[in-house]
Amino acid sequence: MNNKKYRQIRVLVIFFVGIIVAISLLQDSFLLSAVGIITGLLFLVLVRSKTKIRLDEREKTIREKAANLTYAIFAPTIGIGAFLLLFPTHSGLSVFAKGEFYYLESLGMVFAYLALFLIIIYALSYHFLNKKYGGGGNGE
Amino acid sequence: MAAAVMENKLKVFRAKHNLTQEQLAEKIGVSRQTVNAIEANKYLPSLGLAFKTAKLFKTKIEELFIYQGENDED
């Protein structure tokens, strides 16, 4: 089975799972939608295992660049977001002193830890990949 | 970052060998889109793929891919 056939089967499965979820919503049956989704996923995993999916170097390059771009956008966004959410609550502004926006501080903390987690993951993966591809050696 | 500018004769060699993009892709183990992107000079193949393609056409790599310098775009 090739990539094209796999994509066609995937569209069909998504279509049928969509119908099942719609029916389950109409009948107010959570179980039916859960069974439908799980069966659809299992079927797709099974089909995928039988498919020779070709992941070539161009696609790998695209993935690398997409991941890089995602990091470059996401890390500063949540970092600045965390700062903007944490700063006003500690600035002594009267509107925040009443404690009405206490949830913003919690959200800011979540963003801050998320930014930290992201940076740590990046640093660790960079370190290991740099080692794997021969960086940092002193050999002549 | 400077990026290498290349020209290639992949389309010419493919025509000489009577191969479609799909057939060539199958032989060198990439997708048809990749062959199309290389022919359109939108993607530079890796050294391994370039050698593999040159070997398939029984030619030298520099006859298939012609280095033309560098530009400043990434």
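The values are calculated or read from the model by the stated rules, or taken from the named source; none is laboratory data. Quick caveat, the model's predicted, so the values are computed rather than measured. As a convention, Cβ positions derive from the backbone with ideal geometry for all residues, glycine included, and neighbour counts pool all protein chains shown. Heavy atoms of the whole protein, side chains included, go into the accessibility calculation; ligands, DNA and RNA do not. Shrake-Rupley method; radii C 1.70, N 1.55, O 1.52, S 1.80 Å.
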Heavy atoms of A:Phe16: accessible area, 1.4 Å probe, square angstrom to 10: 120
Tell me: how much accessible area in total is hidden between B and A, 1.4 Å probe, Å², nearest 100? 800
For the range B:32-38, Karplus couplings with θ = phi - 60° (6.51, -1.76, 1.60), whole Hz, Gly/Pro x: 4, 4, 5, 4, 4, 5, 5
Put A:Val47, A:Val110, A:Val21 in order of accessible area, largest first, 1.4 Å probe: what do you get? A:Val110, A:Val21, A:Val47
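Work out the FRET efficiency for A:Tyr133 and A:Leu42 from their Cβ-Cβ distance, taking R0 = 35 Å, and round it to the nearest 0.05.
0.40
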Quick one: which residues, 5 or more positions from B:Val5 or on another chain, have an amide H under 5 Å from its amide H? H modelled 1.01 Å from N in the peptide plane, none for Pro or chain starts. B:Gln68, B:Gly69, B:Glu70, B:Asn71
Could you give the nm distance between label points at A:Ile119 and B:Glu63, where each point is 7 Å from its Cα heading toward the beta carbon? 5.5
Once normalised by the length of the range A:3-49, the mean sequence separation of its alpha carbon contacts under 8 Å that are 6 or more apart gives a contact order in percent of 41
With respect to the cross-link table entries B:Lys16/B:Lys52; A:Lys52/B:Lys9; A:Lys5/B:Lys58; A:Lys50/B:Lys42, which display a Cα-Cα separation exceeding 24 Å? A:Lys52/B:Lys9; A:Lys5/B:Lys58; A:Lys50/B:Lys42
For B:Tyr43, B:Tyr67, what's the largest-to-smallest order of accessible area, 1.4 Å probe? B:Tyr67, B:Tyr43
Rounded to whole Hz and in sequence order, give me ³J(HN,Hα) for the range B:55-67 from the Karplus expression 6.51 cos²θ - 1.76 cosθ + 1.60, θ = phi - 60°, writing x for Gly and Pro. 5, 4, 8, 6, 9, 8, 4, 6, 7, 8, 10, 10, 6
Per-residue HN-Hα couplings for the range A:73-86, Karplus 6.51 cos²θ - 1.76 cosθ + 1.60 at θ = phi - 60°, whole Hz, x for Gly and Pro? 8, 5, 4, x, 4, 6, x, 5, x, 4, 4, 5, 7, 7
